[in-house]
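What follows is calculated from the coordinates using simple rules that are stated; it is not laboratory data. Bear in mind the structure is a predicted one, so any value in this text is a computation, not a measurement. No Cβ is skipped: glycine too gets one built from the backbone with ideal geometry, and neighbour counts run over all protein chains shown.
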Number of protein chains: 2
Amino acid sequence: MINKESLTHHISQQFNAELEEVRSHLLAMGGLVEKQVNDAVTALIEADSGLAQQVREVDEQINQMERNIDEECVRILARRQPAASDLRLIISISKSVIDLERIGDEATKIARRAIQLCEEGESPRGYVEVRHIGDQVRNMVRDALDAFARFDADLALSVAQYDKTIDREYKTALRELVTYMMEDPRSISRVLSVIWALRSLERIGDHARNISELVIYLVRGTDVRHMGLKRMTAEVQGTAVADAEKANVPGESDDK
Amino acid sequence: MINKESLTHHISQQFNAELEEVRSHLLAMGGLVEKQVNDAVTALIEADSGLAQQVREVDEQINQMERNIDEECVRILARRQPAASDLRLIISISKSVIDLERIGDEATKIARRAIQLCEEGESPRGYVEVRHIGDQVRNMVRDALDAFARFDADLALSVAQYDKTIDREYKTALRELVTYMMEDPRSISRVLSVIWALRSLERIGDHARNISELVIYLVRGTDVRHMGLKRMTAEVQGTAVADAEKANVPGESDDK
C-alpha cells in the first residue's frame with residue numbers, strides 16, 4: 001500500500017540514490033584524471049611516446065565524463081530542486097568537474113611535451129624535479145578526491161595548505177633551469193619543454209586546491225576561496241584567526 | 001487589492017528582476033576584468049610599475065565580485081528553483097564567473113611580469129607580440145561579454161573561432177622568442193618574462209572561448225564544449241556539418 005509517508009520516503013530514497021550516483025561519477029572521473037597525471041609524468045620521464053599518445057586519446061573520455069556529470073547536475077537541479085546541503089553538493093560537483101577536466105587538459109599538455117622530447121632528444125636537466133613535483137601533485141589530486149568522498153574538511157584543508165609547498169618548489173626548479181639554459185643555450189628548447197611540464201604540474205596543484213576549497217564549502221557551508229590560508233584554517237578548525245597564527249600555520253603572501 | 005493573479009505577476013516580476021540583476025553584476029565584473037587585461041598589457045609595454053601594482057590591488061575586488069555573484073546564484077537556485085532557460089542562465093552565469101575570475105588572475109600575472117621587467121630591465125624582444133595578441137584577446141573578452149549581454153550565439157561563435165587565431169599567433173611568437181634566446185642567452189630571464197605574459201594572454205583567449213561556449217549553451221541549449229569548431233558552427237547556424245565544411249570554416253586539430 002502506498003501512503004503519503006512511504007511515497008515521500010521513496011521519493012527521498014530515489015533522490016538520495018541520484019545524488020550518490022552523480023557523486024560516484026565525479027569520483028570515477030577523478031580516478032581516471034589521477035591516472036592521466038601519473039601516466040603523463042611517467043611518459044615524460046621514461047621517454048615513452050606510446051604512453052603519451054595514450055594519455056592524449058583518453059582525454060576525450062574525460063571530456064565526455066564532464067558532459068555527462070554536468071547533465072546529471074542540471075537534471076537534478078531542474079527536477080529535484082535541492083536545497084541546503086543537497087544544493088551545496090550539486091554546486092560543488094558541478095564546479096569540481098571543471099577543475100578535473102582542466103587537470104586532464106594539463107596532463108594532455110605534459111603528454112605533448114613528452115612526445116616533443118622524444119623527438120628532439122632528452123632535456124639535460126629537470127627530470128628529478130618533474131618526478132618529485134609530479135608525485136606530490138598526484139597525491140594532492142588523490143587527497144582532494146578522498147576528501148570529497150569522505151566529506152573530510154580537514155584533509156581538504158591540508159591539500160590547500162600543501163599547494164604553497166608546490167608553488168615554492170616550482171619556483172626553485174624554474175630558477176635552476178633558467179640558470180642552466182644560460183649556461184647551455186643549445187638546450188633551451190628541450191629545457192623549455194620540461195619547464196612547460198612543470199608549469200602544468202603547478203597548475204594541477206592549483207586545481208586540486210580549488211577542489212579542496214569546494215569540499216570545505218560543501219562540508220562547512222563557507223566559501224573559503226581567496227581567503228588566505230590562515231583564515232581558511234581558522235574557518236575549518238573552528239578557531240579564531242589568532243589561534244591559527246599561534247599554531248604556526250605556514251605563512252603566505254597569497255601571491256600565487 | 002492583491003489577488004492571486006497580481007501576486008503571481010508580482011512574484012514573476014520580482015524573479016525577473018533578480019535574474020536581470022545577477023546578469024548585470026556578471027557584466028559589470030566582466031567590464032572590470034576587461035579593464036584589468038588592458039591595464040596589465042599597458043603596464044608591461046610601457047614599463048609602468050605603478051599601473052601594474054594597481055592591477056594587482058584591484059584583483060581583490062574581482063574576487064569579491066565572484067563571491068557575491070556566486071551567492072546570488074545559490075540564493076536564486078534555492079528560493080526560485082528556476083527551470084529551462086532560467087536555469088540555463090543561472091548555470092551559465094555561475095560558470096562564467098569562474099572564467100572571469102581566472103582572466104583576472106592572468107591579468108595579475110601579467111602585471112607581476114611587468115613589475116619584474118621594470119626591475120630587471122626591458123626585454124630585447126616580444127613587446128610587439130604582447131601588444132598585438134593583447135589587443136586581440138581583449139576584444140575576445142569584450143565580444144564574449146557582449147554576446148552574453150545580447151544573447152547573441154553568432155557573436156559567441158565568432159569568439160570561439162577566433163581562439164584558433166590566437167593559438168597560432170602565440171605559437172609563432174614563442175618560436176621566434178626561443179630562437180632569440182638562443183642567440184642572446186643573457187636575455188633569457190627577461191625574454192621569459194615576456195613569454196609568460198604571452199602565455200597568460202593565450203589563456204585569457206581560452207577563457208573567453210569558454211564564456212562564449214556558455215553563451216551558446218544559454219541561447220541554444222546545447223553543450224558545445226569539446227565539440228570541435230565545425231560541429232559547433234553547424235550547431236549554432238543550424239546547418240549540417242557538411243555545409244559548415246563547405247562554408248570553409250577554419251580547420252582545426254582541436255589540439256589546443
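Each label was represented as a point 7 Å from its Cα along the Cα-to-Cβ direction; for B:D154 and A:Q64 these points are 3.5 nm apart. With a simple spin-label model that places each label point 7 Å from the Cα along the Cα-to-Cβ direction, the separation between B:R175 and B:E122 comes to 2.7 nm. The stretch A:152-186 and the stretch B:205-237 have their alpha-carbon centroids 35 Å apart.
Across every pair of non-identical alpha carbons in the stretch B:17-127, the mean reciprocal distance, once inverted, gives a Kirkwood radius of 15.1 Å. Between A:M29, A:M140, A:M182, the GNM of chain A built on Cα springs shorter than 10 angstrom shows A:M182 fluctuating the most.
Too long at a 26 Å Cα-Cα cut-off: which of A:K171/B:K35; A:K109/B:K171; A:K171/B:K171; A:K109/B:K164; A:K109/B:K35? Don't skip to the answer; put the middle values down first.
Values: A:K171/B:K35 29 Å; A:K109/B:K171 14 Å; A:K171/B:K171 24 Å; A:K109/B:K164 17 Å; A:K109/B:K35 30 Å.
Checking Cα-Cα distances, A:K171/B:K35; A:K109/B:K35 exceed 26 Å.
With the simple model of a label 7 Å out from the Cα in the direction of the Cβ, A:I11 to A:M182 spans 6.9 nm.
Comparing B:P124, B:P82, B:P185 in a Gaussian network model of chain B where C-alpha atoms under 10 Å apart are linked, the largest mean-square fluctuation is found at B:P185.
Where does the longest stretch of chain B lie that holds no GluC sites (Glu not before Pro) found in a DSSP loop with 15 or fewer other Cβ atoms within 10 Å?
On the way: sites that count: B:E46, B:E122, B:E252.
Longest gap between qualifying sites, sites excluded: B:123-251.
Adding -39500 (n - 2.57) for every DSSP H run of four residues or longer, then dividing by how many residues the protein assembly as shown holds, sets the calculated 222 nm ellipticity at -30000 deg cm²/dmol. In the Gaussian network model of chain A, springs joining C-alpha atoms below 10 Å, which of A:A78, A:A153, A:A208 carries the largest mean-square fluctuation? Among A:A78, A:A153, A:A208, the largest mean-square fluctuation in the Gaussian network model of chain A belongs to A:A78. Separation of the stretch A:61-97 and the stretch B:94-148, taken as the distance between their Cα centroids, equals 31 angstrom.
log10 I(q)/I(0), Debye, Cα-only the stretch B:136-198, no solvent, q = 0.27 Å⁻¹? After summing over all Cα pairs, the log10 values are -1.03. Cβ crowding within 10 Å, taken as a proxy for footprinting-reagent exposure, orders B:V22, B:V97 from fewest neighbours to most as B:V22, B:V97. Starting from the exponent 0.38 and prefactor 2.2 Å, build the expected Rg for the protein assembly as shown from its residue count and divide its actual Cα Rg by it. The value comes to 1.00.
With only the Cα atoms considered, the stretch B:11-241 has a convex hull volume of 107 Å³ per residue.
What order do you get for A:S12, B:S158 when you list them from fewest to most C-beta neighbours inside 10 Å?
Values: A:S12 10, B:S158 17.
Result, fewest neighbours first: A:S12, B:S158.
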